[in-house]
Amino acid sequence: RMIPYWAIGVIICITGSILSNLGWTIQKYSHMQNQAMSQSQQQIYYKQKLWILGFVIYFVGNLGDFVALAFAAQSLVAPLGSVVLVVNAIMSPCFLNEKITNRDLHAILLILVGDVLIVLYSNHEDTSYSLSELMVFLVRPVFIVFLVLTLMICIFLSYEKDVLDSKLDPNNASFYDDYDKKDGVREKWIKDEVMHPYTYAALAGIVGGISVLLAKCVAELVKFTIEGDSSQFKNPISWTITVFLLATCIAQVHYINQGLERYDSFYIVPMFHVHWNIWSILGGIIFFNEFHSFQPINYGLFTLGFSCILVGIYYLSQREMHNATHTTKRDQLEVTESDAESERLLAKSRVPNTVQ
């Protein structure tokens, strides 16, 4: 072959990442347009025509990631998803009026350096796993422990999200009552506001990381089927994996859009990718044992590359957010007591009598 399979996987993955971010940007723009409308005209995100267009582009991009997993190791494909952050830094200022700083540019440079190191020193073996091999991987004790811990983390984050959804809802009268209390309560309220966007991004990232593992499994089964082995999808385990793949993809789209609806993409997207990268790579390491052929230099430079990506993502996630749903942290700290009282009375007057 003139081009090795892993290189084909890298090219497809990068192209898919660019399309995915374009889809995200369109979805975020749709949210912004929707929020600019009156309350009676606003629609839930999946009923917005522009959002549907963005989702179609996003879906095509993710389809590219799925195809890439058939050509390259999961631990190689997954970190390259961070290319989406570079594209996001270009598109967000152009289409969403989100500012980019020198700190953001330095973070992007770190991510690019990390991506190059990952490509050069990751697993370049051609992957090929049949259903029988995948079934052996599924029941390994180390993978079961990983799966249980992941489920427990998701349950905790989901509970926190639901609590904060209600607590930080401006249409809820208690939202303003908590704000009017003493400083200790207000500080706790601010901490809750920081935790709120994190729950959306983390849930989407963790579920998305698991979907990468499931997509890799399905891609391997499809590859065997195309090569002439028609038995791969005759076992219910194959269809169970496929159903879970669809479920995790839907959950990822739901959580990421709830986050984008409320907060800047410059926070949600990087924080999403921190968790997406960690869980994707852990899935490849634990499930497929993809590091078995690594030499010391591969371990060292792969780890360095992944660390560069995580540090770059961390810096991107530290930027100041704009929250389209309620008051931002900076606004809370700067508002005077008289202004706070005026805002409280005005907002309470808008709350239906049944809530008051």
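The values are calculated or read from the model by the stated rules, or taken from the named source; none is laboratory data. Small disclaimer: the values here were computed from a predicted structure and weren't measured. Every residue, glycine as well, gets a Cβ built from its backbone with ideal geometry; the counts of neighbours run over all protein chains shown. Quick note on the areas: whole protein, heavy atoms, side chains included, nothing else; ligands and nucleic acids left out. Shrake-Rupley method; radii C 1.70, N 1.55, O 1.52, S 1.80 Å.
Return yes when D115 is part of a helix (DSSP H, G or I) and farther than 23 Å from G300 by Cβ and no when it is not. Against the criterion (part of a helix (DSSP H, G or I) and farther than 23 Å from G300 by Cβ), D115 does not qualify. For region 20-54: of the residues being touching a Leu at 6+ places or on another chain (Cβ under 8 Å) and hydrophobic (A, V, I, L, M, F, W, C), which is least open to solvent (accessible area, probe 1.4 Å)? Checked region 20-54; the qualifying residue least open to solvent (accessible area, probe 1.4 Å) is W24.
Going through V87, V83 one at a time, which residue ends up being under 18 Å from the mean Cα position of the chain (by Cα) and farther than 20 Å from I281 by Cβ? Full working, then the answer.
Working: V83 fails: farther than 20 Å from I281 by Cβ.
Result: V87 is the single residue among V87, V83 that is under 18 Å from the mean Cα position of the chain (by Cα) and farther than 20 Å from I281 by Cβ.
Residue count for region 200-214 satisfying the condition of being open to solvent by less than 10 Å² (accessible area, probe 1.4 Å) and either of a type in the set (A, V, I, L, M, F, W, C) or over 25 Å from the mean Cα position of the chain (by Cα) (or both): 6. Could you check region 225-237 and list, in sequence order, the residues that are open to solvent by 40 Å² or more (accessible area, probe 1.4 Å) and of a type outside the set (A, V, I, L, M)? Result: T225, E227, G228, D229, S230, S231, F233, K234, N235, P236. Would region 94-103 turn up any residue that is part of a helix (DSSP H, G or I) and open to solvent by less than 40 Å² (accessible area, probe 1.4 Å)? Within region 94-103, not a single residue is part of a helix (DSSP H, G or I) and open to solvent by less than 40 Å² (accessible area, probe 1.4 Å).
All told, V116 falls short of being without any contact (Cβ under 8 Å) to a residue 40 or more places away in the chain and open to solvent by 60 Å² or more (accessible area, probe 1.4 Å).
Sort through D169, D126, D162 and tell me the only one that's modelled with pLDDT of 85 or more and among the charged types (D, E, K, R). When all the criteria are applied, what remains is D162.
I need a count of the residues in region 219-239 that are over 20 Å from V67 (Cα atoms), at pLDDT 85 or above and either polar (S, T, N, Q) or not in a helix (DSSP H, G or I) (or both). Show your work before the answer.
Keep residues of region 219-239 that are over 20 Å from V67 (Cα atoms), which gives 231, 234-237.
From what is left, the residues that are at pLDDT 85 or above are 234-237.
Okay, now just the ones that are also either polar (S, T, N, Q) or not in a helix (DSSP H, G or I) (or both), so 234-235.
Of the residues in region 219-239, 2 are over 20 Å from V67 (Cα atoms), at pLDDT 85 or above and either polar (S, T, N, Q) or not in a helix (DSSP H, G or I) (or both).
Six or more apart or on different chains, Cβ under 9 Å: which pairs go from a residue in region 274-303 that's farther than 19 Å from V145 by Cβ to one that's charged (D, E, K, R) and at pLDDT below 85? Could you list them? Correct list of pairs: S293/E125.
Close Cβ contacts (under 6 Å, 6 or more residues apart or on different chains) running from residues in region 75-104 that are without any contact (Cβ under 8 Å) to a residue 24 or more places away in the chain to residues that are in a loop (DSSP other than H, G, I, E, B) and of a type in the set (A, V, I, L, M) comprise P93/I100.
Give the number of residues within region 253-272 that are part of a helix (DSSP H, G or I) and open to solvent by less than 10 Å² (accessible area, probe 1.4 Å).
Initial filter on region 253-272 (part of a helix (DSSP H, G or I)): 253-262, 265-272.
Applying the additional criterion that residues be open to solvent by less than 10 Å² (accessible area, probe 1.4 Å) yields 256-257, 259-260, 265-266, 268-270, 272.
Total satisfying the criteria: 10.
Could you tell me whether any residue of region 311-329 is open to solvent by 20 Å² or more (accessible area, probe 1.4 Å), modelled with pLDDT under 80, of a type in the set (D, E, K, R) and not in a loop (DSSP other than H, G, I, E, B)? Taking every residue of region 311-329 in turn, at least one turns out to be open to solvent by 20 Å² or more (accessible area, probe 1.4 Å), modelled with pLDDT under 80, of a type in the set (D, E, K, R) and not in a loop (DSSP other than H, G, I, E, B).
Does L164 qualify as being in contact with a His (Cβ under 6 Å, 6 or more places away or on another chain) and not in a loop (DSSP other than H, G, I, E, B)?
Values: in contact with a His (Cβ under 6 Å, 6 or more places away or on another chain): yes; not in a loop (DSSP other than H, G, I, E, B): yes.
The answer is yes for L164.
Test S132 against the criterion of being polar (S, T, N, Q) and open to solvent by less than 40 Å² (accessible area, probe 1.4 Å), and give yes or no.
On the way: polar (S, T, N, Q): yes; open to solvent by less than 40 Å² (accessible area, probe 1.4 Å): no.
Considered against the rule, which asks whether it is polar (S, T, N, Q) and open to solvent by less than 40 Å² (accessible area, probe 1.4 Å), S132 comes out as no.
In region 276-300, what residues are open to solvent by 20 Å² or more (accessible area, probe 1.4 Å), in a helix (DSSP H, G or I) and within 24 Å of L213 (Cβ to Cβ)? Selection gives W276, I278, W279, L282, I285, I286, N298, Y299.
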